[in-house]
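The values are calculated or read from the model by the stated rules, or taken from the named source; none is laboratory data. Please read all numbers here as calculations on a predicted model, not as lab measurements. Cβ sites come from the backbone with ideal geometry, for glycine too, and all protein chains shown count toward neighbours.
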Amino acid sequence: MNVSQARYITELLHRFAMDEVRPSRTPMVPNTRLDTIKTTDEVSSCELTRMRRVPYRQALGALLYLARVSRPDIAFTVNQLARHCSQPIQLAWDAAKYLMRYLSDTKDYYLKLAATQSTRLVVTTDADWVNDKSNRKSVGGRIVYLFGCPVHWSSSQQGIVALSSTAAEFIAASEGQTQSEWIKLMVDSVLKVDESVPPPLCLRMDSKSVIRRVKRDGSSDTQNAVDVRFHAVKDAFKSDLLTLSYLPSSIMPADTLTKSLVPKECDTKRLFAA
């Protein structure tokens, strides 16, 4: 079974007069940052007046729906755009139109549910440390796969400031594990799964440091808020409720949910299969 929203994308592009544009290769202009939200004093009155006539919030709502339902590849960009919902600026509107150019070139992308009997969940997690230069918080990304297809994905700013890249990766891994446990309960209930020994969650990440620390004996030297998450992941690993495996950043699907990538790094098709 395939999940596609090509028709919705076509209608979206027509609605915002973007149906005859030059396509872009990435969801976001490489190396562009939208995390710094300008105050009213930093935006010219001319720009504020002009942006009141721009259908920014309508476009954001349409893109958010698409990102939530069938397009994990645009989740990071939409998350960045949402930060400017209360006070849209020209830079954010230009980024929204750039994203629509990307959609015009990838409208036929789809999610595919494979025919398999295994109900084992696979989750990939990643974090971009101190991504936001305004508050130094990191961005975490995760994708949960079932039957080889993404069924849940998220790109969001982490709630605390991680003191190291390892701490940021721990937070991302813990959030991925927690979300997967809820999905597992739902899948077991809907599919009436009755397994005496349920298959462990497969957690994939690109941090060898996190994997080593979880597998070895001893405590964590991370900050307290992260230490709780560390022990939650470690306990699940020792109880055979999850397995850990390394996945290089070059082929890590969740990497696309944490940052703006240059074209040679942006293979967004890798998000659509485990």
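A few comments on the model shown:
- So S209, is it at pLDDT 80 or above, part of a helix (DSSP H, G or I) and loosely packed, with under 14 Cβ neighbours inside 10 Å: yes
- Check on R142, surrounded by 15 or more Cβ atoms within 10 Å (Cβ to Cβ), modelled with pLDDT of 90 or more, under 15 Å from the mean Cα position of the chain (by Cα) and outside the structural domain of E11 (by TED's automatic domain parsing): yes
- Among the residues of region 225-274, those identified as at pLDDT below 85, assigned to a loop (DSSP other than H, G, I, E, B) and not small (G, A, S) are L261, V262, P263, K264, E265, C266, D267.
- Any hit, region 40-62, residues being touching a Leu at 6+ places or on another chain (Cβ under 6 Å) and at negative phi: yes
- For region 163-172, the condition of being within 22 Å of Y246 (Cβ to Cβ), assigned to a loop (DSSP other than H, G, I, E, B) and touching a residue at least 12 places away in the same chain (Cβ under 8 Å) holds for at least one residue.
Quick grid of which residues meet (1) more than 23 Å from L111 (Cβ to Cβ); (2) modelled with pLDDT under 90:
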residue: N2; (1), (2): no, yes
residue: R7; (1), (2): no, no
residue: L12; (1), (2): no, no
residue: F16; (1), (2): yes, no
residue: P23; (1), (2): no, no
residue: M28; (1), (2): no, no
residue: I37; (1), (2): yes, yes
residue: T40; (1), (2): yes, yes
residue: V43; (1), (2): yes, yes
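- Within region 126-136, the residues that satisfy the criterion of being in a loop (DSSP other than H, G, I, E, B) and either basic (K, R) or buried (at least 18 other Cβ atoms within 10 Å of the Cβ) (or both) are W129, N131, D132, K133, R136.
- Filtered by the rule that a residue be out of contact with any strand residue (DSSP E or B) (no Cβ under 8 Å at 6 or more places or on another chain) and closer than 15 Å to S164 by Cα, region 104-132 gives W129, V130.
- Each residue in region 45-62 was checked for being polar (S, T, N, Q) and modelled with pLDDT of 80 or more, and 1 of them qualify.
- Within region 197-216, residues that are under 13 Å from R120 (Cα atoms) and assigned by TED's automatic domain parsing to the domain that holds L257 sit with their Cβ atoms under 7 Å from residues that are among the acidic types (D, E) and modelled with pLDDT under 90, at 6+ positions apart or across chains, in these pairs: P200/D240.
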